[in-house]
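Below you'll find the structure, written out as structure tokens, and then a few comments.
The numbers here are math on the coordinates, done by the rules we state, and not lab data. Quick caveat: nothing in here was measured; it's all calculated off a predicted structure. Note: ideal-geometry Cβ built from the backbone for every residue, glycine included; neighbour counts use all protein chains shown.
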Amino acid sequence: MQNAHLRLGLLEYHRITEKTSTRVRVRVSSYIGEDEQAHLIGVFGNDSDIGAITAAVHEKANFTLTFPDGAVKEITLGEHASCYRSSVILPGRKHPVRHLVAISEQLHANGSAGRTILSRNSPNEAWAWLSTFLGLPAVPEWAKHICGILESEGRFQPLGGIGCEPVLVTATADEMIAWISSALKSCEIAFPEENGPIKWPKHTLFEAMRQIPEKDEQ
């Protein structure tokens, strides 16, 4: 992929003590957040940098995030954030690249308290994730209609993102069931013609986080 670096963000952590001053900078492959609250950060770098960022997350530190377009903001993952580390082997490199995904406590509780964070790449994907998080009785064919209701009710709120197009959906399971019931009664949607298990399209985490591709800059 040409010019992929132009779609990456930059995360900086600066710590000053009486004896030392530490500054760590790592590249950001994915990010979801609202205002100063970060919900997900995916970064990569060397061992020491990723170790320092991991420690800073657990210390509830503040970070400086630079978006691909140059915009800058201060962010934090807050209390009880979780970190997941892995290694990526790249051809031609002697040492693997270290990768870190940090997730906020709020994102771990996704779907509770009428708040659901997801990536709205298409109605089908949004409906699949939303019905799963809220435990709704649903079929894939209802995606366009129900997402249309959410859109008209102003329940989709765009969030800040890198590497994805995240939205916050403010709707409870009871509200969703009421909309489904109303649509069934008006025959705008229908139950499947035959009884049996519902087959949902499979969506991987990569698909959920992917960004709608843009034309590479030359």
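Determine which residues of region 23-37 fall in the zone a paramagnetic label at Glu59 would reach in this model, i.e. backbone nitrogen under 18 Å from the point 7 Å along Cα→Cβ. Correct set: 23-26.
Which of rounded, prolate or oblate describes region 4-107 when judged by the alpha-carbon gyration tensor and an a/c cut-off of 1.5? Walk me through the numbers on the way to the answer.
Working: a/c = 1.39, a/b = 1.20, b/c = 1.16.
The shape class here is rounded.
Taking amide H as placed 1.01 Å from N in the peptide plane, Gly33 has its amide H under 5 Å from the amide H of His39, Gly160, each at least 5 places away in sequence or on another chain. Estimated from the Cβ-Cβ distance and a Förster radius of 35 angstrom, the FRET efficiency linking Leu6 and Glu74 is about 0.90. The relative contact order of region 110-209, computed from alpha carbon pairs under 8 Å that lie at least 6 residues apart in sequence, is 33 percent.
All Cα-Cα separations within region 110-209 were binned at 5 Å from zero, giving a P(r) of 2, 12, 24, 26, 19, 10, 4, 1, 0, each value a whole percent of the pairs. Shown for the chain: lysine pairs separated by 8 or more places, or found on different chains, whose C-alpha atoms are under 30 Å apart, numbering 11. Over the C-alpha trace of the chain, radius of gyration and Dmax come out as 20.1, 72 angstrom. Model label sites at Ser87 and Ser48, defined 7 Å from Cα along the beta-carbon direction, differ in position by 1.9 nm. Computed over the chain, relative contact order equals 19 percent, with contacts defined as Cα pairs under 8 Å that lie 6+ residues apart. Summarising the label geometry, the points placed 7 Å from Cα in the beta-carbon direction at Leu168 and Glu141 lie 3.5 nm from one another.
Ordering Ile75, Ile177 by the number of other Cβ atoms within 10 Å of each residue's own Cβ, fewest first, gives Ile177, Ile75. Approximating the spin labels as points 7 Å out from Cα along Cα→Cβ, the Lys185-to-Ser122 distance works out to 3.3 nm. So the label point goes 7 Å from the Cα of Glu194 along Cα→C-beta, right? Which residues of region 121-140 then have their backbone N under 17 Å from it? Within reach of a label on Glu194, which here means backbone N under 17 Å from a point 7 Å along Cα→Cβ, region 121-140 contributes 140. Note on the chain: dipole from Cβ charges, positive end direction compared against Ala128, Gly92, Gly42; the farthest Cα belongs to Gly92.
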